[in-house]
1. Pairs under 7 Å by beta carbon, first residue over 18 Å from residue 196 (Cβ atoms) and open to solvent by less than 10 Å² (accessible area, probe 1.4 Å) in the stretch 92-117, partner assigned to a helix (DSSP H, G or I) and among the polar types (S, T, N, Q), six or more apart or different chains?
2. Looking at the stretch 135-183, which of the residues that are aliphatic (A, V, I, L, M) and not in a loop (DSSP other than H, G, I, E, B) is nearest to residue 116 (Cα to Cα)?
3. Given (1) modelled with pLDDT of 95 or more; (2) out of contact with any Asp or Glu (no Cβ under 8 Å at 6 or more places or on another chain), identify the lone condition not met by residue 66.
4. Which members of the stretch 119-155 meet the condition of being modelled with pLDDT of 85 or more, among the hydrophobic types (A, V, I, L, M, F, W, C) and farther than 25 Å from residue 81 by Cα?
5. Among residues belonging to the stretch 171-208 that are acidic (Asp, Glu) and open to solvent by 70 Å² or more (accessible area, probe 1.4 Å), point out the one that is nearest to residue 83 (Cα to Cα).
6. Would you pick out the residues in the stretch 71-96 that are out of contact with any Cys (no Cβ under 9 Å at 6 or more places or on another chain) and charged (D, E, K, R)?
7. Hey, can you tell me all the residues within the stretch 176-208 that are under 23 Å from residue 141 (Cβ atoms), over 19 Å from the mean Cα position of the chain (by Cα) and touching a residue at least 24 places away in the same chain (Cβ under 8 Å)?
Amino acid sequence: MGNINQQRKPPLDAGRANQIQISKEDPACCSNDNTMTPQMDSLLNEDNKEMFYKFVILHAETDITEAMRMKDLLQDTFHVKPGLIFAEMPAGQHIFKTLDNAINGSAWTIILLTENFLKETWCEFQTHATLINSINMYHKYNTVIPVRPKDNYLPRDKTPFPINLFNALEEKSPEFNRLVERTFQESIYQKHYATWKAEKESMEQREI
């Protein structure tokens, strides 16, 4: 199965003025072997620290358990870490700001396609925000990853048209393992991390 995400050409840079802003804390980076370094692990547990994740999973409210299973699968089996699900995002901010932080604080945005996905209006908003972000932000053009889990997945013929523009990763597919490894590449993550760090430092300089 091909991957349309790797075939799309990046959009023009005209939309960068509409970028969603991210928080102002110091980041932590990943090691080249896809593992959690002691520095990263400690930063995860410190107050007022922000982590740049490899992926965030957007999901229906009723799919928290399934989202956690998918996160554990990616981290434990494929060593794509650190990752988180939307339900794990820190509370205390407006939910739209939390969504912005989730998308911009990770290299890839995974949309968990289950039958519950169409039942919640919030999922539709998550999708629109993610797709618009991938169009407006030059370095985000190749980062939206729809995933159909092995159980209770949303069939292609019921999936909203914009999401069908991307070839989803399907857990039941015999190609799933190979496509996961090809999609979540460390070199790509490092490029996104460098961009994220540079933008944060630039914003911090403007505030001085």
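1. Pairs that qualify, where the first residue is over 18 Å from residue 196 (Cβ atoms) and open to solvent by less than 10 Å² (accessible area, probe 1.4 Å) and the partner is assigned to a helix (DSSP H, G or I) and among the polar types (S, T, N, Q), are 111/127; 111/130.
2. My answer is 147.
3. Every listed condition holds for residue 66 apart from (2).
4. Passing the criteria: only 154.
5. Taking the candidates together, the pick is 181.
6. Start the filter on the stretch 71-96 by keeping residues that are out of contact with any Cys (no Cβ under 9 Å at 6 or more places or on another chain), which leaves 71-80, 83-96.
Listed by number, the residues that qualify are 71, 72, 76, 88.
7. Result: 203, single match.
The values are calculated or read from the model by the stated rules, or taken from the named source; none is laboratory data. This is a predicted model, so every value here is computed, not measured. Using ideal geometry, Cβ is built from the backbone for each residue, glycine included, and neighbour counts are taken over all protein chains shown. Calculation scope for accessible area: heavy atoms of the full protein, side chains included, ligands and nucleic acids excluded. Shrake-Rupley method; radii C 1.70, N 1.55, O 1.52, S 1.80 Å.
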